[in-house]
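Structure first, commentary second.
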Amino acid sequence: MQAENDAAFEESMRMVGKFALGVVALVGITAAAASAASSGSSFGSTPNPSSGGDTSDRAYIIVDLLHTAINTNKKIICNYFEWGADKKKIYKHGRRDYHFSPYGLIWNNDRYYAVGWSDSHGKIITLRVDRIAAPKLTDTPAEPRPQGFDMTYYADTVINMYDGPVRDVTLHCENPMMKHVIDRFGEGIKTKILDTEHFAAYVSVPASPTFFAWVFTFSGSIKITDPEDVAGSYRDMLQAALV
């Protein structure tokens, strides 16, 4: 039955055609901008159809469904998958349905991301739109946003640094690095002057390989000094890359 539903869903999307693609894209982008403006959600840059990102009929139809769910404050039900080494879809959690309350959509690095509450995870998660399968809009009211949830902060930390355990990290930085630190974490970041050439920055970020890669970009001008286990994980990643 699930396979038949997937097949029917894919066929309906193919029938939409290029004309509907353009219409849905325009509506989706406009609705996203309006939603972001009214709710404080981050939306990122405007999708570029020539960029090779989520510009398929399928992606735009799912985006449109997600906007409907956001605007009507409803949950969706969907499956979620990754790709195996054989280029076949591997459905997460044995293809168990995700009951998902979307709060906003973010366009980042040529990809759409849906941010919202997952009932099965019991927390806010991020789903890449191009990996959502068989989504269905429900009549069930969405879960309210947790108190204090900040979509902009979430986008800057979890989306840009990818998901992982959020840790309080101290960075030892050379003075010219301040512009890069502010670009990444915002003007409200806590900092402290250490000497005439260095400052410390105190950030809360997912301790993930993507964060480590950002630190590595500055060739030692930014160093992780605390906590030791995060610094050690960074050193281990660098060592593994040399082997």
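The values are calculated or read from the model by the stated rules, or taken from the named source; none is laboratory data. As the structure is a computational prediction, the values presented were derived from the model and not from experiment. Positions of Cβ are backbone-derived with ideal geometry, glycine not excepted, and every protein chain shown enters the neighbour counts.
If the condition is being farther than 24 Å from Tyr153 by Cβ and assigned to a strand (DSSP E or B), then the stretch 81-125 contributes Phe81, Glu82, Trp83, Lys89, Ile90, Tyr91, His99. State which residue is modelled with the lowest pLDDT when the search covers only the stretch 71-94 and only residues that are closer than 28 Å to Pro141 by Cα and basic (Lys, Arg). Going through the qualifying residues, I end up with Lys92.
The set of residues in the stretch 194-224 that are under 27 Å from the mean Cα position of the chain (by Cα) and assigned to a strand (DSSP E or B) comprises Ala201, Tyr202, Val203, Ser204, Val205, Pro206, Ile222, Lys223, Ile224.
Is it the case, given these coordinates, that Val215 is closer than 16 Å to Leu238 by Cβ, surrounded by 15 or more Cβ atoms within 10 Å (Cβ to Cβ), not assigned by TED's automatic domain parsing to the domain that holds Lys123 and not basic (Lys, Arg)?
For Val215, the condition - closer than 16 Å to Leu238 by Cβ, surrounded by 15 or more Cβ atoms within 10 Å (Cβ to Cβ), not assigned by TED's automatic domain parsing to the domain that holds Lys123 and not basic (Lys, Arg) - is met.
A quick yes/no check of all residues on (1) within 30 Å of Phe218 (Cβ to Cβ); (2) assigned by TED's automatic domain parsing to the domain that holds Asp229; (3) of a type in the set (Lys, Arg):
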site	(1), (2), (3)
Tyr80	no, no, no
Ala114	no, no, no
Asp119	no, no, no
Leu137	no, no, no
Pro176	yes, yes, no
Lys190	yes, yes, yes
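Do we have any residue at all in the stretch 193-205 that's surrounded by 12 or more Cβ atoms within 10 Å (Cβ to Cβ), closer than 27 Å to Gln239 by Cβ, among the hydroxyl-bearing types (Ser, Thr, Tyr) and in contact with a strand residue (DSSP E or B) (Cβ under 8 Å, 6 or more places away or on another chain)? The answer is yes; a qualifying residue exists. Only one of the numbered conditions (1) at pLDDT 95 or above; (2) of a type in the set (S, T, N, Q); (3) exposed (fewer than 15 other Cβ atoms within 10 Å of the Cβ) is not met by Ser101, and that is (3). Regarding the stretch 219-227, can at least one residue be identified that is surrounded by 14 or more Cβ atoms within 10 Å (Cβ to Cβ) and over 20 Å from Asp168 (Cβ atoms)? Scanning the stretch 219-227, I find at least one residue that is surrounded by 14 or more Cβ atoms within 10 Å (Cβ to Cβ) and over 20 Å from Asp168 (Cβ atoms), so the answer is yes. Picking from residues in the stretch 170-192 that are more than 20 Å from Asp150 (Cα to Cα) and hydrophobic (A, V, I, L, M, F, W, C), the one that is surrounded by the fewest Cβ atoms within 10 Å (Cβ to Cβ) is Met178.
Might you let me know whether the stretch 148-159 holds any residue that is of a type in the set (A, V, I, L, M, F, W, C) and at pLDDT 85 or above? Taking every residue of the stretch 148-159 in turn, at least one turns out to be of a type in the set (A, V, I, L, M, F, W, C) and at pLDDT 85 or above.
Restricting attention to the stretch 225-237, report how many residues are touching a residue at least 24 places away in the same chain (Cβ under 8 Å) and in a helix (DSSP H, G or I).
To start, the set of residues in the stretch 225-237 that are touching a residue at least 24 places away in the same chain (Cβ under 8 Å) comprises 225-227, 230, 233, 237.
Okay, now just the ones that are also in a helix (DSSP H, G or I), so 230, 233, 237.
The qualifying residues number 3.
All conditions in (1) over 13 Å from Asp226 (Cβ atoms); (2) assigned to a strand (DSSP E or B); (3) within 24 Å of the chain's Cα centre (by Cα) hold for Thr191, with the sole exception of (3). Within the stretch 104-139, the only residue that satisfies the criterion of being surrounded by fewer than 22 Cβ atoms within 10 Å (Cβ to Cβ), within 15 Å of Thr72 (Cβ to Cβ) and of a type in the set (A, V, I, L, M, F, W, C) is Leu137.
This table checks each residue for (1) assigned to a strand (DSSP E or B); (2) of a type in the set (D, E, K, R); (3) in contact (Cβ under 8 Å) with a residue 24 or more places away in the chain.
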| site | (1), (2), (3) |
| --- | --- |
| Leu127 | yes, no, yes |
| His172 | yes, no, yes |
| Glu187 | no, yes, no |
| Ala241 | no, no, no |
